[in-house]
1. I'm checking my understanding of the structure. Among residues of the range 79-134 that are of a type in the set (D, E, K, R) and either touching a His at 6+ places or on another chain (Cβ under 9 Å) or surrounded by 13 or more Cβ atoms within 10 Å (Cβ to Cβ) (or both), which one is modelled with the lowest pLDDT?
2. What pairs come out if I take residues in the range 54-69 that are within 13 Å of T30 (Cβ to Cβ) and pair them with residues that are assigned to a strand (DSSP E or B) and modelled with pLDDT of 85 or more whose C-beta lies under 7 Å away, six or more apart or interchain?
3. Pairs please, first residue from the range 93-109 and more than 25 Å from S156 (Cβ to Cβ), second anywhere and part of a helix (DSSP H, G or I) and of a type in the set (D, E), Cβ atoms under 7 Å, 6+ apart in sequence or on different chains.
4. With E182, E158 as the choices, which residue is acidic (D, E), assigned to a loop (DSSP other than H, G, I, E, B) and either open to solvent by 60 Å² or more (accessible area, probe 1.4 Å) or closer than 15 Å to P135 by Cβ (or both)?
5. Output the number of the condition that S61 fails; it satisfies all remaining conditions of (1) modelled with pLDDT of 90 or more; (2) open to solvent by less than 50 Å² (accessible area, probe 1.4 Å).
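The values are calculated or read from the model by the stated rules, or taken from the named source; none is laboratory data. Bear in mind that the values here come from a model prediction, so they are computed numbers and not experimental data. Virtual Cβ from ideal backbone geometry, glycine too; neighbours counted across all protein chains shown. Ligands, DNA and RNA are excluded from the accessible area calculation, which covers all protein heavy atoms including side chains. Shrake-Rupley method; radii C 1.70, N 1.55, O 1.52, S 1.80 Å.
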Amino acid sequence: MQNSPNKSFKKGLHVLKEIMKANKPVTANTLCQKLEIDKSTMSRLVTTLMSEDFIEYKGDSKEIILSDILRKIVFKNDREKIIEKTAALLDQIFHLTNEAAYIYILDNNLALNLNQIDMSTRVLKTRDSIGLHSPLHANAFGKVLIAFTPEVKIESLELTKYTSYTITCKTKLQKELDLIRERGYSIGTEEYEFGLKSVAVPYFDKQNKFVGAVGISGLSVRLEDEKLHKFGQEIFKLVNSYNQR
């Protein structure tokens, strides 16, 4: 006996939700096992979802991913939630340091500036770069994203040289990542652009899931190394206490 339209609809939604939750390509066989749906039914559900442009195959493989349109909607919603939940934290970081505060997230092996807060009245300020991407290996935020995202492999990164301070050796970068995990914060010293320094710490949500990197960026003349390390320790304590309120 065939499933009723209502039951088929619910199963289709369950399949779509599982693909969204996975946040990575999945196969029909994996979906069958997780949802305990037989292969013929799964085939019909996948075909239907694809015909309605909710999902698609990744390239020439049989791995299933969300369609570009749906992925953009989901990611946009996720990002808006992150911005909302961390706005007060960035405000506190700014008032602690009097430097522009940022949150960066991972986006296709790049660091995406999701939000920044800078209420200073200085004439010389860092530019508004919300929505812009930067390489993972060349600033404090990107290095935190590598250090706390196991899926990002150093071997897959192209360590392009931007300044004389850019880390281009994978062994040296690995040592830096180990140090970041040990002390809880990352330092960026003119590695992407001369005249700019940064410090960042990992931000985890209340479920202890890594979300992104928060911290500050400012002019090198204001942020000597001793001050950067001091801010790194203070921001680390602030971020750790933020989700415990």
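1. K125
2. Matching pairs, first to second residue: E63/V26; E63/Y57; I64/V26; I64/I55; I64/Y57; I65/I55; I65/E56.
3. Filtered contacts from the range 93-109: L96/E234.
4. Just one listed residue meets the conditions, E158.
5. Here S61 meets the rest and fails (1).
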